[in-house]
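In what follows, a single structure is set out as structure tokens and then discussed.
The values are calculated or read from the model by the stated rules, or taken from the named source; none is laboratory data. Remember, predicted model here, so these are calculated numbers, not experimental data. We place every Cβ from the backbone using ideal geometry, glycine too, and count neighbours over all the protein chains shown.
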Amino acid sequence: MIKLGPILSFRGCADNQWNISILIVSDENNSISWNIKGNNNISHVDPKILDSANNFQFLRYDISVSQSNEEQYVEYRFDEIAARFVVPPVGNNPNLFYCSCNGFSSSKLVKSFRGDKDRLWKIASEKHQSNPYHILLMGGDQIYADEIWELNSPLKKWHELSYRRANKRSFNNRMQQFTDKFYFDLYCSRWNYKYVKRMLASVPTVMMWDDHDIFDGWGSYPEERQNCDVFQGIFQIAKKYFRLFQQQIAKDEKHPSNLHSNNFSLGFEVGTTKILTLDMRSERTLSQIMTQEHWNRIFDWTESIGVEKKNNHLFVMSSIPIVYPNFNKIERLLGWIPGQQSIEDDIHDHWSSRLHLNERHRIIHRLFNFSQEKNIRVTLLSGDVHVGAVGIIKSDRGKLDNSSVINQLTSSGIIHPAPPKLLLFALEKLLDKEEEDRGITSEMLYFPGTRRRYIGKRNWLSIEPDTDSGKNRYWANWIVEGEEDEPYTKVIHPIA
């Protein structure tokens, strides 16, 4: 029996080979029949067993498709499950689908939600049929593990202990067994939603994690809590299942596009487009987002991009927006209004936290240097905040041309509902342009043709390359629940 899958993962594109893997979670003793066919040469190897858990095994099938001058449809089947994916023509930029926040942050929110949980995935599936996506970018919170504290379990009892007593407790066998089964079941449940499952089987994914893939606020707790035995035990199991489900790699194995062996940051090149995903959780503490060594490997990768080869775009996936209203200001504007105090918990988790400002300045400066030296348009892709938004960073330093602008596209969530209207009102009132550093400013923009800075509805982002020959621009379209036929649009031009 197939428990979950097939799930496609993008492994990179090199030498005109489109490389993907397919994950199947099945009974340990199950024999799976499968086949694959397309219009061109397709190579594959015997499936690799990545791991076993809960009497199921994780099987990865590695596949390489030779790109041609035409778009290709590749059909495959596992037992009775049939699906297909699409390979872009050689040298072409990919049609990208970006989403985040694929779940609910509490059981109370699930019960109070009156809509169709899967609706935006259904719309995406329909759009994929007429204008196929080549890569599905998932920007964090692919699952929501927050209910780990709500279920009747050893962890709930531990969570109810006093702060000091809880920090001294060990992560015992009962806790470990519960946690292992909890994450396994959570992935298998959430990713078996009808249209989620259909899209994961149809578009190769690039996934990065955020806090809810572990549990709310991971990395932003005081040191004594963050490093206690129970928190660290939970993290290791969440990391194991992120590695298996989201990056499809065995223990001690590196993803072929990994930039640093101690984390999950990835770098890809497709056509004249680069994609960089930042692992902002593996090394996160109250005082750092990533280690200096991690940053060095990321900037080594950007420096390796040659100017002699035509590259037009770099998309940087940052799970939390770099450009966003300061949460300290939001809290002051709202005051201590009943039901809004939870905002305080998010302050340390954002780039605007005083403790993270040095790293924020570093990445902004380095991305501007990269853009101006390489003549490559840099665009940030973010989620997390449950709204759609457009941000911009401008620099009056260095070259004063259109390389002095970095756009940020925020899309969230594809399942998680939007925040309360009071918070949306507060966001719209925070209109100040922020000075990031001398000569560098950031601000939130109105969506073109509107007087709105924030989309307070569920949404996802379609990032489509221009089909006009030589344009090399992207059209970013926010597909919004209830407004599906009238997307919000932003054009991302290359640097002339």
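Tabulated values for the structure
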{"quantity": "Subset of segment 445-456 that is assigned to a loop (DSSP other than H, G, I, E, B) and without any contact (Cβ under 8 Å) to a residue 60 or more places away in the chain - its residue that is surrounded by the most Cβ atoms within 10 Å (Cβ to Cβ)", "calculated": "447"}
{"quantity": "Residues of segment 270-297 satisfying the condition of being β-branched (Val, Ile, Thr) and under 24 Å from residue 17 (Cα atoms)", "calculated": "270, 272, 273, 275, 277"}
{"quantity": "Residue identified as basic (Lys, Arg), farther than 18 Å from residue 268 by Cβ and either free of Cβ contacts under 8 Å to residues at least 24 places away in the same chain or loosely packed, with under 15 Cβ neighbours inside 10 Å (or both) among 48, 3, 37", "calculated": "37"}
{"quantity": "Matching residues, segment 378-437, being acidic (Asp, Glu) and under 21 Å from residue 368 (Cβ atoms)", "calculated": "396, 401, 434, 435, 436, 437"}
{"quantity": "Unmet requirement for residue 194, which otherwise passes all of (1) surrounded by 13 or more Cβ atoms within 10 Å (Cβ to Cβ); (2) charged (D, E, K, R); (3) in contact (Cβ under 8 Å) with a residue 60 or more places away in the chain", "calculated": "(1)"}
{"quantity": "Cβ pairs under 7 Å, 6+ apart, first in segment 125-138 and farther than 23 Å from residue 210 by Cα and touching a residue at least 60 places away in the same chain (Cβ under 8 Å), second assigned to a loop (DSSP other than H, G, I, E, B) and of a type in the set (Gly, Ala, Ser)", "calculated": "128/202"}
{"quantity": "Of all residues in segment 145-162 being in contact (Cβ under 8 Å) with a residue 12 or more places away in the chain and assigned to a loop (DSSP other than H, G, I, E, B), the one that is surrounded by the most Cβ atoms within 10 Å (Cβ to Cβ)", "calculated": "145"}
{"quantity": "Subset tally (residues that are assigned to a loop (DSSP other than H, G, I, E, B) and either closer than 23 Å to residue 152 by Cα or of a type in the set (Ser, Thr, Tyr) (or both)) for segment 95-112", "calculated": "5"}
{"quantity": "Options 462, 442, 412, 469; residue that is at pLDDT below 95 and either part of a strand (DSSP E or B) or of a type in the set (Phe, Trp, Tyr) (or both)", "calculated": "442"}
{"quantity": "Residue list for segment 440-496, restricted to those being touching a strand residue (DSSP E or B) at 6+ places or on another chain (Cβ under 8 Å) and among the polar types (S, T, N, Q)", "calculated": "441, 442, 450, 459, 462, 472, 477, 489"}
{"quantity": "Residue check, residue 381 aliphatic (A, V, I, L, M), in contact with a strand residue (DSSP E or B) (Cβ under 9 Å, 6 or more places away or on another chain), under 28 Å from residue 121 (Cβ atoms) and assigned to a helix (DSSP H, G or I)", "calculated": "no"}
{"quantity": "Total residues in segment 284-307, condition surrounded by fewer than 18 Cβ atoms within 10 Å (Cβ to Cβ) and assigned to a helix (DSSP H, G or I)", "calculated": "7"}
{"quantity": "Single match in 22, 49 (criterion: touching a strand residue (DSSP E or B) at 6+ places or on another chain (Cβ under 9 Å) and either in a loop (DSSP other than H, G, I, E, B) or under 20 Å from residue 192 (Cα atoms) (or both))", "calculated": "22"}
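Condition check ((1) outside any loop (DSSP other than H, G, I, E, B); (2) at pLDDT 95 or above) across all residues:
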| site | (1), (2) |
| --- | --- |
| 234 | yes, yes |
| 237 | yes, yes |
| 243 | yes, yes |
| 256 | no, yes |
| 260 | no, no |
| 268 | yes, yes |
| 274 | yes, yes |
| 281 | no, yes |
